[in-house]
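S.K.: This is the structure I have questions about; it appears just below.
The values are calculated or read from the model by the stated rules, or taken from the named source; none is laboratory data. Computed from a prediction, not measured in an experiment: that's the story for all the values here. Counting neighbours? That spans all protein chains shown, and the Cβs are built from the backbone with ideal geometry, glycine included. For accessibility, only protein heavy atoms count, side chains too; no ligands or nucleic acids. Shrake-Rupley method; radii C 1.70, N 1.55, O 1.52, S 1.80 Å.
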Amino acid sequence: FYDAARDAAANQLYRKAEAEGLQMTGPLEQQMTALMKRPSIQTAMQQARNLAAEKGIDITGKEGSVQGLHYVKKAMDGMISEANRAGNGTMAGALRDTQKDLIDFLTRSSPAYGEAMNTFRQMSRPINQMDVAQALRDKAIPALSDLGDGSLARVNANSYANALRNA
């Protein structure tokens, strides 16, 4: 329920941002030009086209739009994850810096995009808290107690502390 509500609210705001477009000024145009020269952005743009195509969306020629840049941001998410999995912290850090600059550009040139990102982030908080609570429950309560006689599992301070430590 929470996932669906978050996605619906954020998607509505992302569509609003796409409809409004980018509000470019001189400094923002310079920032965009500098971003487009970065190799990671060039790579992410190709991946963004592929990501969008997988969803049946053609962003070719629209890479400089809110929608196109949103897919570039998503592609950078994947690139950062890949660098982290490969153990390349230096590259992951550089990619995060570039992504931060891209997001800064997007939120400054499209206030509606910034609003959409903030809404998604705020509505993700309870979902993340529920995920953490479920993981703690799974660690703290023995699995066999779920199968047993219906009695509640005995959770003492020691097993709770161990579950926190092991999580």
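S.K.: State the percentage of accessible surface on the stretch 4-140 attributable to carbon and sulfur atoms; use a 1.4 Å probe and exclude ligands, DNA and RNA.
M.R.: On the way: 3940 of 7750 Å².
The computed percentage sits at 51.
S.K.: Restrict the search to the stretch 1-86; then list the chymotrypsin sites (Phe, Trp or Tyr not before Pro) that DSSP places in a loop and that have at most 10 other Cβ atoms within 10 Å of their Cβ.
M.R.: Here the sparse-neighbourhood loop sites are Phe1.
S.K.: Quick one: grab the alpha carbon gyration tensor of the stretch 28-84, order the square roots of its eigenvalues as a ≥ b ≥ c, and give me rounded if a/c is under 1.5, else prolate or oblate depending on whether a/b is larger than b/c.
M.R.: Note, shape of the stretch 28-84 comes out oblate.
S.K.: Students often get this wrong: which residues of the stretch 34-54 have the backbone nitrogen under 18 Å from the point 7 angstrom along Cα-to-C-beta of Asp101?
M.R.: 34-46
S.K.: Additional query: I'd like the FRET efficiency for Glu82 and Ala53, computed as 1/(1 + (r/R0)^6) with the beta carbon distance as r and R0 of 30 Å, rounded to 0.05. Write down the numbers at each step before the final one.
M.R.: Details: r = 20 Å, r/R0 = 0.65.
About 0.95, to the nearest 0.05.
S.K.: Take the cross-link list Lys16/Lys55; Lys73/Lys139; Lys16/Lys37 and give me the ones stretching past 31 Å between alpha-carbons.
M.R.: Lys73/Lys139, as the Cα separations exceed 31 Å there.
S.K.: Right, here's the next one. Using a Förster radius of 30 Å, what is the FRET efficiency between Gln46 and Arg121 based on their Cβ-Cβ separation? Nearest 0.05, please.
M.R.: In this case the efficiency is close to 0.65.
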